[in-house]
1. Less than 14 Å from a label point 7 Å out along the Cα-to-Cβ axis of Ala556: which backbone N atoms in the stretch 524-541 qualify, by residue?
2. Would you grab the residues whose amide H sits under 5 Å from the one on Ile356? Only those 5+ places off in sequence or on another chain, please, with H modelled 1.01 Å from N.
3. Quick one: Cα centre-to-centre distance for the stretch 499-559 and the stretch 73-110, in angstrom?
4. Which percent, to the nearest 5, of DSSP beta bridges fully inside the chain are antiparallel?
5. Name the shape class, rounded, prolate or oblate, that the alpha-carbon gyration tensor gives for the stretch 164-227, where a ≥ b ≥ c are the square roots of its eigenvalues, rounded holds for a/c under 1.5, and otherwise prolate holds if a/b is larger than b/c and oblate otherwise.
6. Which shape class, rounded, prolate or oblate, goes with the stretch 313-472 when its Cα gyration tensor gives a ≥ b ≥ c as root eigenvalues, a/c under 1.5 marks rounded, and past that a/b bigger than b/c marks prolate?
7. Taking the Cα centroid of the stretch 209-228 and of the stretch 251-273, what is the distance between the two, rounded to the nearest whole Å?
8. Relative contact order for the chain: what is it in percent, counting Cα pairs under 8 Å that are at least 6 residues apart?
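Here, each number is a calculation from the coordinates, and none is a lab measurement. Please read all numbers here as calculations on a predicted model, not as lab measurements. Counting neighbours? That spans all protein chains shown, and the Cβs are built from the backbone with ideal geometry, glycine included.
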Amino acid sequence: MKTHADIVIINARALTMNAKSPRAATIAIKGDRFLRVGDYDPSELIGPKTKVIDARKKTVLPGFIDSHVHLFGGSGELGCLNLSDVSTQQALTEAAQKESLARPEDPLLYAVSAGYHILGPDTLIDRHALDRVMPDRPFAMMAADHHTVWANTKALELGGILHGGPTDPGAEIVMEVDGTASGLLLETSAFSHVIKHTALGGRDFIGYVTGDDPFPPATPEERERDKQALREGLAYCAQYGITSLHNMDGNLYQMELLYELEQEGDLLCRVQVPCHLRNTHPLSKLDEALEMQRLYHSDMLYSGRVKMFMDGVIESYTALMVEPYPDRPETYGDAVFAAEAFTEAAIRADAMGLQISVHCCGDGAVRRTLDGYEAAIKANGQRDSRHRIEHIETITDADIPRFSELGVVASMQPLHAPFGGMFPVMPEGVIFNERQVRNAFAWKTLREADATLIFSTDWPVVPLDPMLTVATAVFPIPLGKRWQDQSQSLFETLASYTSGGAYAEFAEDKKGRLQEGLFADIVIMNEDLESADRETMLSSGAELTICGGKITHDCAEQSRQ
């Protein structure tokens, strides 16, 4: 009896990411696996129930693996006021007033993706400025990088922090000389007092803010609201050709919701969720990481990783540097973990067989984390740990080769760099010195030093669309002589978004390539990316997404509806 495929894709310009057979024109899928990939006549595989899809000579790829996202938070923000295109006080006031009319019942009017100079390059953002924008109800806006919130007076009162409040090390409720809060809230434990009053009650970001479960526990109605937000977020991911996500915040509550979605058939992407270990947690919190790994280990939902923060971000001077900030010589930034505390946590997590990923923007944070990973190797012995460092916005010369030497994965987000045009160039001599600029957003430098390099977005910090990231990596905007050329080839970039992401989660034998026997995770693009210029690449997108043999996004089907 002949074996017929469930799906056959013909006329493809497929980049398989399989070194032994890098291209293919025809792809057959049976169940959740690739049945056959190559250049062949598929007629014997096509039966009466086989769905035949003509790729029309467009690029076909393994499904995108976004290796750094905040799924719950991004899902929750899909319906929020987005300020990414707002750059004056008048425009902000008009946008906020319009949103206020649309959301009269929300306890907190909440906006996202605010720029650090949204009111103008020389205008201070504080509660008084936001009182002029929104005088009659609580209003707060989150910076695009999700490390700063600005709140008006009523929002500070709602959060109970107008006169200050508790924060963890590395966070700050900035105070005025009169003893009241200025409205500038730096890092999660400072702004958590306010954002817990958002439409989802802060549950969407609690895995990021505390790593603990909601308290008091979510009601049945709140759980269903949260699940619906995740459904919408997962569908949003699928429409961009994404089939796997490495979440960068987590708790058991979020995994419970995703598990319920999996049971209901609504988990459209594979999701890895970590245990978030904060500097305020005892190391016994790592037992929860093992419990998450034990409870959730399907092909669609899994754990086994610990997420930590080492610093903040450069824009707010909370990124940890090796040298003082040039325009603020009194500070090196803020270390979330003391060196000894991080090393102890790294040794413990590594000994438990857990993978570690650490947020590090500054070169001092990168060095401290590499030191901890090296200490773990010395304490526990060498193993295939694939520990990760996230962001790496600048790095010292001495630390570049250590990624390859220690087997550490460099997890980077091209759209965070000014090469993408979304964030401004750091002023000369103000934030970066010459060495820090030379090694800023050093994709090519690290790749040439044999580091394993993976790409992602950090959604909702930047847009989720992978092609914006791909275009930035392949065609970075020239920034002048101070900045190194960090451009990537198209193949390097796509590998860092597919097979590289699979390797980073120990799944290279399951996915990340178009290859017989692997999971049928695949995206058909609407362009031939190999012949695309920057503008074409920026406007390209996914026509069809398949995850595990299941169509999760179909442009043609949507156009018929």
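1. Within reach of a label on Ala556: 524-526.
2. Val306, His387, Arg388
3. That distance is 33 Å.
4. Of all bridge pairs located within the chain, approximately 45 percent are antiparallel.
5. Prolate, because a/c is 1.5 or more and a/b exceeds b/c.
6. Numbers: a/c = 1.83, a/b = 1.30, b/c = 1.40.
It is oblate, given that a/c is not under 1.5 and a/b is not larger than b/c.
7. So the separation of the two Cα centres works out to 14 Å.
8. 16 percent
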